[in-house]
Structures are given as structure tokens and as C-alpha cells.
1. Averaged per residue, what accessible surface does segment 514-586 expose to a 1.4 Å probe, in Å²?
2. With a 1.4 Å probe and all protein chains left in place, how much of the accessible area of the chain comes from carbon and sulfur atoms, in whole percent?
3. Provide the percentage of antiparallel DSSP beta bridges, counting only those with both residues in the chain; round to the nearest 5.
4. Keeping all protein chains in place, calculate the accessible area per residue for segment 290-406 (probe 1.4 angstrom), answer in Å².
5. In segment 159-230, with Lys and Arg counted as +1 and Asp and Glu as -1 at Cβ, which of these residues, 206, 184, 222, has the Cα nearest the positive end of the dipole, that is, farthest along it?
6. Kindly sort 220, 643 by accessible area of their heavy atoms, largest first, with the probe set to 1.4 Å.
7. Peptides 379-390, 431-442: what's the order by average Cβ count within 10 Å, highest mean first?
8. Find the accessible area per residue for segment 157-210; the probe is 1.4 Å, ligands and nucleic acids are left out, and the unit is Å².
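The values are calculated or read from the model by the stated rules, or taken from the named source; none is laboratory data. The structure presented is a predicted model; accordingly, all values stated were derived computationally and were not measured. Using ideal geometry, Cβ is built from the backbone for each residue, glycine included, and neighbour counts are taken over all protein chains shown. To get the accessible areas, we keep the full protein, side chains included, count just its heavy atoms, and leave off ligands, DNA and RNA. Shrake-Rupley method; radii C 1.70, N 1.55, O 1.52, S 1.80 Å.
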Amino acid sequence: MRVTLPDGTPLDLDDGASGADAAAAIGPGLARAALAIRDDGAVRDLSAPLRDGQELAIITQRDTEEALELIRHDTAHVLATAALELFPGVRITIGPPIDNGFYYDFAFPEGVTVTDADFERIEARMREHVRADEPFVRQEVSVEEALERFRTEGQDFKVELIEDLVRDADPAHPVTTVSLYTNGPFTDLCRGPHAPSTKRIRAFRLQSVAGAYWRGDARREMLTRIYGTAFLSKEALDEHLERLEQARARDHRRLGPQLGLFTFSDLAPGAAFWLPHGTRVFNGLVQLSREMGEERGYSEVKTPQLYDAELWRTSGHWDKYQEHMFLTDSEDRPMGLKPMNCPGHAHLFGSQRWSYRDLPVRYSEPGLLHRDEPSGTLHGLLRVRHFAQDDAHVFCTEEQVQAEVAACLELAFATYAVLGLHDVEVELSTRPDERIGDDAMWDRAESALEHALEGRGLSHRVNPGDGAFYGPKIDLHVTDSLGRSWQLGTVQLDYSMPERFELTYTGADNAEHRPVMIHRALMGSYERFIGILVEDTAGELPVWLAPVQAAVLPISDRHAEGARGVLTRLRAAGVRAEADERTESVGRKIRDAELRKVPYMLVLGDREAQEGTVSVRRHGEGDTGSETAEAFAARIAQVTRERSA
């Protein structure tokens, strides 16, 4: 047979040759490094037989993303191997690779609780199987044989998975066989692929234990999920663990309460209680959105929280999104709290008459939203049930679409620049399988976004099938100081909702025309953005946004009156300042202000009182010299106005 390598070189092999044979034919170095093959875009085992005429690529560690997924999948199987040996009677479920690692879900016998204290013992057993260089061997067996095997072993979760595969199969293509993978003493139901053997696992670490319902269903059995990670080298693993350590130190769930920004309560799951300092930060971001929006022609509106179900039926959310909505009844009328502003804005636009001369109409609203997220997915400010967005909707003519999308992108990049976020990646998400509207509408919408991106000269990647159910979207991702990517902004084009709400404007021809609707959020939710910002800056917010910009620190009680005078002058100039009049040493006051990450500390003692100055300290830097309170206040007020630091 003949296969073709990525550079176009033909390679002749014996009939029935595998990927391993191809690697060996190319050279012994590649044979040792080979992990799997890529066949028409799909990753397959190195032992898989090749087809005459196929295009073949050999995957090695250089193919980092694919190699990592293989190795992490391998490590999940080795974890299950160790668990079965160390905890007799454990039932196994699934163990997939995930971003940055893998997990495996287990049902441990009654009375057995596994915690991170068990990790050292589990890892030691895992290393034995890695050193043993156990091959991953694939078998294709009949459904009946697999069911009998797992029933005999008492692995009822595997039995359920096989039965569901058979039940859910296309009748035209019934499932009659399943694939099993064996490494050493362990055999698992698995589609694969895997690397050739366990010894390809170079560096791994078990990381945490969590609860997880079987198949994500709260009505099913609670399992123990063990998370871990694996890398292609010990150095890469150490770097990853160091980043995780930094991330833990920056965790907004720890820093937020420590800095007096927000707290949470079980009485309102998924909703933050904003403390005074956090409310200042929240309002500062809302004000930034307002000012930058007003400069670009946005008008702020305020729409209701609770709507009759008829609004949600019109928008399509009643059928497509109801499970994520908080619902109630009022006088036998089904009602729903709004999970997004767009239907209300569409209804508001439709309640008025518009001419083409009035368009575009740009509504903004930092309105409160509620989404019934599963409790297991809630995560500090990053995943909540109650939040507000820097949300806006533009109603425009077809001819205005490209310019308006481009203007939304300009505003997004300008906003991120103010916030010090410069590493922005652009992603175009296209039509999903579950959607409303016909293909012609989606063709038009996707083309309009493509042209807007090209018009601004923005390179982008395409994310097929990830658009909103009502239209395609442009998503904006930023990378934080730890190298983590966050999706913040989105610009979504919608031809469907104006149709559903029968929105119209009068054109120059005196006929009724349908506007196009653009959904736009740039920070996303303020809650989530603040969580990201706190972690990105380790709580050291820019001076213009910091809830307390300066702490006035009198050295002793006799300087307290002078400190109050300085505080008054600072506040009169618009500086957010506090005075620390505790009977503590000035060193202790400085330390506490540093821990609170206050940008500036103004120390006032005998010399400063005599000279009419303050001694200025910068957080994390130390003394910067002396200046008058008025000069300092003017400088900070200017920074705040300009949002320049």
C-alpha cells in the first residue's frame, strides 16, 4: 500500500501495515517518539491499520495539544487501575481528558472516603504501572460479551453506558460491538485513542477531590471525582503547578472578602453581597461603560425585571431557555424573571414608531439579570445566578450593520485599553445545530460579521456551531497575567428577534422595513469581570478604580487632627481616602494598608505637620517623597478623571 506524508512524500508499506510500521519505516527516532496517528483530521491509535492512499501524520510530543490529550487520557486509565487495586469493590464510571488535565469518577464502597491525603499512596501505585510499560491494547468485542464482562465484575455504570449506546443508536446503524482498552490488569470501556504504553506518561499529579452526580443528574448517585493533570515533561508540570499556586493566591473568592469587596451567603446562592468598597468598584465600571457609551451615541434605558410568559414565547426563550429561567405566577399568569435584556429592549423598540432617519437606535442597560444555573456550576463571581451586564442593543438598517458592528468592536478595544487588557483574541462563532431562522438568514448574518472583521483588519479564528440560537457572534477573549484566556466581550447579529417581534421602521420609500438587531456586551457581566480583574491584578486595582486610593496615617495621636485635615482636603478634591487613627505603630498601619492593597499611604508626623506636607508611600514600592496634600490630591484626581493608571 502507499500512504502520503504531510509534506506530500509517498511512503510504500506492506498491506495491513499500522501507524507504528509507518513510523519505523521513516526512522528509528520517529518510531521511539511516535504516540498516535492523525488520519483525515481524526487521532487514532498507533497500532491502527492504515488504508491505501490515505494521508498520514505521525503524532509526537511536538504536537503538543494532541499529545497532551493522549497522555492525560492514558493517565486517567492508570488512575482507575490504581483505584481498583487499592480500594476493592470500587465501581468505575468515566475518565476523560479535560482542559489542563483529566478526571475519573468513582463510586467507592460504603464507608470508604478518599481525600487528598490518599493521593501519595495512589500516585505511588500509578507510578508502578507507568514503570511497567504496560501496552494499551484495543479490543473490539460484541455488545453481549462486554455486558457479560462488566456485569460479572459488578461494574454497573459500564453496563448502563453500553445499554445506552445500543438504545440511542441510529436504527440504520445499530451498535453491535464496543471497544475495550486494556493496560496491565485493567480493562475499560473506551473509544480511545491511547498512546502505545503507560511509559509514555512522563509527569503527572493528582490535584483535588470533588463530588459529582452520575451523568450530572442530581437525582442519581453521588460519585467521587478525582482530578489530576499530566504533562509531557517534569519541567512543564512544575511550571503548571507554579501557575496554579499563583492562581490560588490570586483567587478572587479569597481576595474579595479579604479586601472588603464582596461576600456570599447560603441564603442567596449564586448572588454576591457587595460591601461598600466592592460597590465602589462595581459602580466605577458601570460609570466607565456609561461614559464611553454616551460618547458613542448610546441611550440608557431601564426595563422591567419580570415579564409575562408571552414575551418569552415571542422571543423564543420560553421554548429554548426555560430551564435556566426563574419562573413564577401572578394572578394565574405565568411570569419569568429576565435572564437577558434583549427581549425587553426589542419590545421597547417595538412600542414606538421609527423612521429610517432615527436609526441606528442604541439602547444600553446595566440591568439586573437572573439565570437558574445548577448549584454545582456556581463559582464565586465567575458563575452566578444574579448579575448585571454592560449590555446594549443596536437597532439599525441592513446598510448600517457593518459600520455598527465595527463601532462595537472599536468600543470593545477602547474599553479593554482603559483597563490594561491588550492581548485580545477574536473568535467568530457560527450557526449551531439548535437554532431559529432559515439558512438564508444565517448566511446573511455570518457574512456581515465576516465583513465587519475584515473591515477592521482583525484576524480571527472560526468556532463552528457555537453561535447563539438566534444568530452568529463575535467573541473577544483576553489573556490575564497568568496566561489564562477569558471570554469577555460579544457582538451578536440577530435577524430573527426583529422578525419575531415584528419590529419595523419607515424607510425613505415610506414602506415598512425590518431593522437588524445587534446584541453587544463588552465586559460581560460586571460580577464576572470584577472576579477576573481581581485575579489578574492580584487585587491591586488601578488607582482610578481602587475603592480606597489613599490611606492617611498619623504617626501618633497628636497628629490625628492634622490627618483629619488632610483627609478633608483629599475628599474635597474627589480622592477616595481614609484615615487610620488607631493607636497602633505607623509600621503596623503601613503593613495593614499594604495588605489591603491601598495604592498610596500618606504618613503624617512632626516634620510633615511643620512643613505642611505628607510623606507619600506607593503600595509595593515604598517612599516616593514628600508633597503637599493639595498637590497629591490634584495628581490623583487627574488620574481618576483620565483613568490613566
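1. Result: 34 Å² per residue.
2. 47 percent
3. Rounded to the nearest five, the antiparallel share is 85 percent.
4. On the way: 5650 Å² over 117 residues.
Using a 1.4 Å probe on heavy atoms only, each residue of segment 290-406 averages 48 Å².
5. Toward the positive end, the furthest listed residue is 206.
6. Listed by decreasing accessible area, they come as 220, 643.
7. Final packing ranking: 379-390, 431-442.
8. For segment 157-210, the solvent-accessible area averages 47 Å² per residue.
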